[in-house]
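Beneath this line is the structure, given in structure tokens, with notes to follow.
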Amino acid sequence: MGLGIKRKIKSFFDFLRTNCLYGSRKNVFIGRKAVIEGKIEINSNGKVEIGQGTIIRRWVCLKPWGGSIKIGENCTINSFCHISGNGGVVIGDNVLIATQCVIVSANHNFNDPELLIREQSETRKGITIEENCWLGAGVKVLDGVTIGYGSVIGAGSVVTKNVPPNSICIGVPAKVIKSRS
């Protein structure tokens, strides 16, 4: 828990009461040996799964907004990350996500200028981050994207299109600069 000190939590309900700024017991599943370091925010409207051995650092927001967020085993989600699972987010095993990353699996429609944007629908295509990926600090991943196995996304990049496996991507929008294989 805080400052890297692990402490035993008597029950899952004690965890939610002491570590979630906003949460629910319903539809939140945390695997064995997962570590939640300090306060996080979980929106209970949807499903959140955190795999075994995964570390979630303090001040992370997990908001499924009626969708789902599934984080694999042995991942690390660093402080101040925000994951919105409206359209579904699947993060594979052994993924490293640096501080201040934003992953949003929905996008507002804004085609009708006669309607307020908030009154228009949204797309919900979903996001998949396959196993063994690393997202550098401040990366943004937008709706409808798959980041292939073993890929590295450079700090500050904005991922708007699918990334092939074992790619190194940087930029706004993110572009493949070389392959790791």
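The values are calculated or read from the model by the stated rules, or taken from the named source; none is laboratory data. Remember, predicted model here, so these are calculated numbers, not experimental data. No Cβ is skipped: glycine too gets one built from the backbone with ideal geometry, and neighbour counts run over all protein chains shown.
Quick check, is residue 77 touching a strand residue (DSSP E or B) at 6+ places or on another chain (Cβ under 9 Å), within 18 Å of residue 51 (Cα to Cα), surrounded by 22 or more Cβ atoms within 10 Å (Cβ to Cβ) and in contact (Cβ under 8 Å) with a residue 12 or more places away in the chain? When the stated conditions are applied, residue 77 passes them. Looking only at residues in the stretch 20-33 that are over 19 Å from residue 92 (Cα atoms) and surrounded by fewer than 14 Cβ atoms within 10 Å (Cβ to Cβ), the one that is modelled with the highest pLDDT is 26.
Can you find, within the stretch 139-181, the residue that is nearest to residue 100 (Cα to Cα) among those that are of a type in the set (A, V, I, L, M, F, W, C) and touching a residue at least 40 places away in the same chain (Cβ under 8 Å)? So, considering only residues that are of a type in the set (A, V, I, L, M, F, W, C) and touching a residue at least 40 places away in the same chain (Cβ under 8 Å), the one nearest to residue 100 (Cα to Cα) is 139. Please determine whether any residue of the stretch 101-123 is crowded, with 19+ Cβ neighbours inside 10 Å, of a type outside the set (Asp, Glu), closer than 15 Å to residue 49 by Cα and within 13 Å of the chain's Cα centre (by Cα). Checked against the condition, which is being crowded, with 19+ Cβ neighbours inside 10 Å, of a type outside the set (Asp, Glu), closer than 15 Å to residue 49 by Cα and within 13 Å of the chain's Cα centre (by Cα), the stretch 101-123 yields no hits at all. Of the strands (runs of 3 or more DSSP E) lying entirely inside the stretch 126-181, those containing at least 2 residues that are farther than 21 Å from residue 106 by Cα, in contact with a Lys or Arg (Cβ under 8 Å, 6 or more places away or on another chain) and of a type outside the set (Ser, Thr, Tyr) span 167-170.
Criterion applied to 67, 4 was being at pLDDT below 55, of a type outside the set (S, T, N, Q) and either on the phi > 0 side of the Ramachandran plot or buried (at least 18 other Cβ atoms within 10 Å of the Cβ) (or both), and the one residue passing it is 4.
Among the residues of this structure, residue 115 does not count as one that is of a type outside the set (Val, Ile, Thr) and not in a loop (DSSP other than H, G, I, E, B).
Taking the criterion of being surrounded by fewer than 17 Cβ atoms within 10 Å (Cβ to Cβ) and either in contact with a Phe, Trp or Tyr (Cβ under 9 Å, 6 or more places away or on another chain) or farther than 19 Å from residue 131 by Cβ (or both), the residues of the stretch 34-64 that qualify are 35, 38, 39, 41, 45, 58, 61.
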